Amino acid sequence: MNPAETVHKEAHTDEHAIVKPAVKLTPKENRVISFFKDATPMDWEDWRWQLRNRIRTREVLEKIINLTPEEIKGIDGCGDKLTMSIPPYFASLIDPEDPNCPIRLQSVPLGYELETSPEELADPCGEDKNSPVHGLVHRYPDRVLFLVNEMCAMYCRYCTRSRMVGDGNRTLSMQSYEAAFDYIRSNKKVRDVLISGGDPLTLSDRVLEHIIKTLKEIPHVEFVRIGTRIPVTLPQRVTTELVTMLKKYSPIWMSIHFNHPKEITKRVKFACDLLADSGIPMGSQTVLLKGINDKPSVMKKLVHELLKIRVRPYYIYQCDPILGSKHFRTPVSTGIEIIEKLRGHTTGYAVPTYVIDGPGGGGKIPLSPNYVVSRDDEKYTLRNFAGQQFVYYDPK
Ligand SMILES: *Cc1c(COP(=O)(O)O)cnc(C)c1O
Ligand code: SF4
């Protein structure tokens, strides 16, 4: 056998081969499904069943996990925006006994959400004022953000769009879509459309296809991207039908919101394999969150796990100062320290860009450790990841 054949054969038997998770639930999944009367393992595989049965009340959640007084206060105080909603699959990842479980902190409201501080805003990134038509945010000349709906599978407690997402909201009407398409058609500078929400993958394949197809028919739109958290919170949504549809509109890029290595399960790997094998390049977007992923060791584990499922770490966001977010926000130095501990210490592909979305509408502003020790007219004195110094003579 020649070496090429050996390589080929290994590629089919290694851990990256697509293996559909058997319709056999993990012990944790079995525990959670047992709280849903008459539910079958086939239901568990069905994303629509998962969406219909999202955990939205204290009565259901307290059967599954032991709630703390702070959580009860948060759940009872939740308004009709950023409602509590946890797909049974995602709930199965929660540690029922540990209030500091990273999955739990992201999905179960706490009483602290009801406390606000002066620097907090409903719309911290000033999206509403950069919105020429309902659903579009046009901040950078060559690309637009298209918020196609207001529903997500799970409402992240620190969501930058907490002012608009939640089950109390409706989806955009077809007329709003038409107005957005018209705006993009008439703005020839727009070459990149980022479809987000809410979560676009809560839409049916049919509606999603309508949006993508219409955008791709606009001659100056070179490519579209989908911003989503669903491959993490509801990986069953990534079906062969979905990826077959997406593949028709290549190139489509996907930005997936990942925050913690515990989120990367066999099902999530399966979903990302389907996407990658369909030619969809994936990046991750991570929100820096106190007590969840603010340790360099956790972030390093996360970025390594992401490369293994073919997701390129793209951004780490400083947590936006939404109302009631103080318990999630870390000092900026924490983010810079994380990059310092990654750059040079691990694969370059594993190092994302740390950004702060300029409050009020500044867009993403990158922050990085300072590697310039000093500079003068003819040279830069630089330091490397290990702290050694090097002089570079700057050509005139
Ligand atoms: C993040 C964002 C984009 C996309 O920015 P990239 O850096 O190109 O990923 C576009 N528009 C708005 C309003 C955004 O917030
Ligand atoms: S999935 Fe995204 S839009 Fe939805 S709640 Fe989470 S952060 Fe917000």
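The values are calculated or read from the model by the stated rules, or taken from the named source; none is laboratory data. It should be emphasised that the depicted structure is a prediction, and the values quoted were computed from it without experimental measurement. When we count neighbours, we look across all protein chains shown, and the Cβ atoms used for this are built from the backbone with ideal geometry, even at glycine. For the accessible areas, the whole protein counts, side chains as well, though only heavy atoms, and no ligand, DNA or RNA atoms are used. Shrake-Rupley method; radii C 1.70, N 1.55, O 1.52, S 1.80 Å.
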Selection count, region 310-335, where residues are assigned to a helix (DSSP H, G or I) and open to solvent by less than 50 Å² (accessible area, probe 1.4 Å) | 2
Among ASP142, ASP167, which is the only one that is among the charged types (D, E, K, R) and within 16 Å of ligand 1 (Cβ to nearest atom)?
-> ASP142
Quick one: would you say SER117 is more than 25 Å from ARG58 (Cβ to Cβ) and among the small types (Gly, Ala, Ser)?
-> yes
Tell me, which strands (runs of 3 or more DSSP E) lie completely within region 176-283 with 3 or more residues that are assigned by TED's automatic domain parsing to the domain that holds LYS301 and more than 30 Å from THR26 (Cα to Cα)?
-> 192-196, 223-228
Output for region 51-61, where each listed residue is assigned to a helix (DSSP H, G or I) and over 10 Å from ALA91 (Cβ atoms) | LEU51, ARG52, ARG58, GLU59
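One line per residue, one yes/no per condition, for (1) over 17 Å from GLN318 (Cα atoms); (2) crowded, with 16+ Cβ neighbours inside 10 Å; (3) in contact with a Lys or Arg (Cβ under 6 Å, 6 or more places away or on another chain); (4) not assigned by TED's automatic domain parsing to the domain that holds PRO261:
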| site | (1), (2), (3), (4) |
| --- | --- |
| THR347 | yes, no, no, no |
| VAL351 | no, yes, yes, no |
| GLY358 | no, no, no, no |
| VAL391 | yes, no, yes, yes |
| LYS396 | yes, no, no, yes |
Scanning region 208-228 for residues that are more than 15 Å from ligand 1 (Cβ to nearest atom) and buried (at least 16 other Cβ atoms within 10 Å of the Cβ), the one nearest to PHE258 (Cα to Cα) turns out to be LEU208
Any idea which residue in region 165-189 is farthest from LYS81 (Cα to Cα), counting only those that are at pLDDT below 90 and hydrophobic (A, V, I, L, M, F, W, C)?
-> MET174
Of the criteria (1) touching a Cys at 6+ places or on another chain (Cβ under 8 Å); (2) modelled with pLDDT under 95, which one TYR158 fails | (2)
Flag if LYS301 is over 21 Å from CYS159 (Cα atoms) and open to solvent by 10 Å² or more (accessible area, probe 1.4 Å) = yes
Identify all residues within region 364-386 that are touching an Asp or Glu at 6+ places or on another chain (Cβ under 7 Å) and either away from ligand 2 (no atom under 16 Å from the Cβ) or over 13 Å from GLN318 (Cβ atoms) (or both); write none if there are none.
-> PRO369, GLU378, LYS379, TYR380
Lone qualifier among THR265, THR233, THR228 - being modelled with pLDDT of 95 or more and away from ligand 2 (no atom under 16 Å from the Cβ) = THR265
